[in-house]
Amino acid sequence: MEPIDALWAFLVAAAVALVVTPLSARLAYAVGAVDQPKERGLHGRPMPRLGGLAILLAVLVGGALFLAQTDQTRGILLGAAAIAVIGAIDDVFDLAAPIKLAGQCVAALIPVLADVRVEAFTLPFIGAVDLGDAGGAVTVLGIVAVMNVVNLTDGVDGLAAGVCTIAAATFAVIALSLDRVDAGVLAALTAGASVGFLKHNFHPASVFMGDAGSNLLGLLLACIAIQGVLKTAAVVALFFPLVILAVPILDTGFVVAKRIKYRQPVYRGDREHFHHRFDRIGFSQRRSVLYLYGWTLALAALGLALRFVPYSDDRGNFHTGWTVVIVAFGVFAATASVYLVYVLEILKFRRFREIQLRRQAAKLDGPVPSDEEIRAEIVRDVETGEFEAVGR
């Protein structure tokens with residue numbers, strides 16, 4: 001197998017997903033796998049949700065043509081098929097959360113039993129960390145976690161598919177550079193399947209990937225990270241998946257923490273995801289998704305810089321010039337992150353504060369403040385921090 005196979009795998013998987021996705025939408029309508037408009041959703045009409053089956057077919061075709069048929073490869077593809085089927089059943093019948101979790105664990109166990117597992121990883125200045133007998137269990141938990149991270153991110157047209165395309169393409173470049181050709185090809189065909197599906201899923205979407213797709217992509221990305229990065233001796237191996245998948249990880253971490261804080265079930269949906277918060281600010285779906293794509297790309301660039309910029313000799317000695325370069329990438333990623341926090345928090349505050357000021361004026365039967373007066377008051381509030389609570 002040659003690295004060029006990764007390019008062909010990407011193109012074939014993209015073509016298959018592009019052609020088959022409309023057929024999966026028809027199947028969804030036929031079997032009743034249709035997502036009805038709901039309060040926390042951002043779409044206003046029924047949508048078919050079996051697009052994940054098209055992604056699965058694209059992955060299986062690309063895998064059959066371009067992946068070496070090893071026990072590990074077969075384990076990953078079998079696990080992918082298992083979780084896609086479980087997700088499709090959920091898309092039709094809306095399974096209870098414990099049953100879905102059990103299905104995720106079973107699907108994750110399939111590649112782990114085929115030796116797709118993390119038994120040790122390397123940390124800077126510390127060296128190898130051996131997980132010993134706990135490696136299998138930790139790997140299952142990690143795969144299930146990534147599945148749920150992608151699943152929870154899939155709430156607006158094109159978001160999960162686009163973020164997974166960027167993540168998988170980045171993993172492909174890193175894995176191929178580390179001579180992990182099988183993992184690189186798997187990552188490339190995963191990116192291809194995602195981008196082929198994205199043609200039909202970008203706003204205004206004609207089909208959703210559903211749990212069949214989000215869980216599938218989560219399992220594939222987790223297995224790619226294990227085979228292509230974590231099993232290597234790269235000093236920053238552990239940081240690659242954390243940086244590349246930072247946006248969905250942060251999104252999921254935020255909403256789960258908030259649900260725990262307010263004593264709500266962690267599996268119950270709400271309107272606190274990044275894309276919901278953008279919607280409350282007044283962003284369109286396209287603008288919300290493009291902002292999150294940009295954030296993901298900034299972090300992916302940092303991940304690639306960590307791999308290719310020779311800033312260290314891996315023994316604690318840093319090259320000054322290259323260290324400046326890597327710091328610049330870090331500053332760029334941090335700036336993008338801070339800017340998104342600014343947009344999500346400050347602009348959200350401004351919108352709520354404007355509503356509050358108008359309501360206060362109406363209650364007092366006073367003159368309606370002009371737009372200029374409201375903007376001036378909000379600027380003063382932001383600068384001084386002195387204002388009435390606007391609610392959570």
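The values are calculated or read from the model by the stated rules, or taken from the named source; none is laboratory data. On a predicted model such as this, the values are computed, not experimentally measured, just so you know. Neighbour counts run over all protein chains shown; Cβ positions are idealised from the backbone, glycine included.
Residue-by-condition table, conditions (1) among the polar types (S, T, N, Q); (2) surrounded by 13 or more Cβ atoms within 10 Å (Cβ to Cβ); (3) not in a helix (DSSP H, G or I):
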| site | (1), (2), (3) |
| --- | --- |
| ASP5 | no, yes, no |
| ALA13 | no, yes, no |
| VAL20 | no, yes, no |
| SER24 | yes, yes, no |
| LEU27 | no, yes, no |
| LYS38 | no, no, yes |
| ARG45 | no, no, yes |
| ALA58 | no, yes, no |
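If you go through the stretch 193-231 one residue at a time, how many are over 17 Å from LEU178 (Cα atoms) and either assigned to a loop (DSSP other than H, G, I, E, B) or not assigned by TED's automatic domain parsing to the domain that holds LEU50 (or both)?
Final tally of qualifying residues: 8.
Let me spell it out: the conditions are (1) over 23 Å from ALA84 (Cα atoms); (2) without any contact (Cβ under 8 Å) to a residue 24 or more places away in the chain; (3) of a type outside the set (Phe, Trp, Tyr), and PRO204 meets all of them except one. Which number is the exception?
(2)
Name, by its number, the condition in (1) within 19 Å of ALA161 (Cα to Cα); (2) under 19 Å from the mean Cα position of the chain (by Cα); (3) crowded, with 24+ Cβ neighbours inside 10 Å that does not hold for LYS199.
Result: LYS199 fails condition (3) only.
Among the residues of the stretch 66-96, which ones are outside any helix (DSSP H, G or I) and surrounded by fewer than 20 Cβ atoms within 10 Å (Cβ to Cβ)?
Within the stretch 66-96, ALA68, GLN69, THR70, ASP94, LEU95, ALA96 meet the criteria.
Report, ordered by the first and then the second residue, all pairs with beta carbons closer than 7 Å, sequence separation of six or more or different chains, a first member in the stretch 113-132 that is of a type in the set (Phe, Trp, Tyr), and a second member that is surrounded by 14 or more Cβ atoms within 10 Å (Cβ to Cβ) and at pLDDT 85 or above.
PHE121/LEU230
For the condition in the same structural domain as LEU60 (by TED's automatic domain parsing) and modelled with pLDDT under 95, what is the one hit in ALA234, ALA168, ALA187?
ALA234
Limited to the stretch 47-56, what total is found for residues that are touching a Ser or Thr at 6+ places or on another chain (Cβ under 6 Å) and in a loop (DSSP other than H, G, I, E, B)? Spell out the reasoning first.
At the first step, the residues of the stretch 47-56 found to be touching a Ser or Thr at 6+ places or on another chain (Cβ under 6 Å) are 50-51, 53-54.
This time we only want the ones that are in a loop (DSSP other than H, G, I, E, B), so: 50.
Of the residues in the stretch 47-56, 1 are touching a Ser or Thr at 6+ places or on another chain (Cβ under 6 Å) and in a loop (DSSP other than H, G, I, E, B).
Take the conditions touching a helix residue (DSSP H, G or I) at 6+ places or on another chain (Cβ under 9 Å), under 26 Å from ILE4 (Cα atoms) and not aromatic (Phe, Trp, Tyr) and apply them to GLY228. Does it pass? Steps first, please.
Details: touching a helix residue (DSSP H, G or I) at 6+ places or on another chain (Cβ under 9 Å): yes; under 26 Å from ILE4 (Cα atoms): yes; not aromatic (Phe, Trp, Tyr): yes.
It is true that GLY228 is touching a helix residue (DSSP H, G or I) at 6+ places or on another chain (Cβ under 9 Å), under 26 Å from ILE4 (Cα atoms) and not aromatic (Phe, Trp, Tyr).
If you take the residues of the stretch 241-297 that are small (Gly, Ala, Ser) and either in contact with a Phe, Trp or Tyr (Cβ under 8 Å, 6 or more places away or on another chain) or modelled with pLDDT of 90 or more (or both), which of them is surrounded by the most Cβ atoms within 10 Å (Cβ to Cβ)?
SER288
Among ILE76, ILE110, which is in the same structural domain as GLY32 (by TED's automatic domain parsing), of a type outside the set (Lys, Arg) and within 20 Å of the chain's Cα centre (by Cα)?
Step by step, each of ILE76, ILE110 is checked, and only ILE76 is in the same structural domain as GLY32 (by TED's automatic domain parsing), of a type outside the set (Lys, Arg) and within 20 Å of the chain's Cα centre (by Cα).
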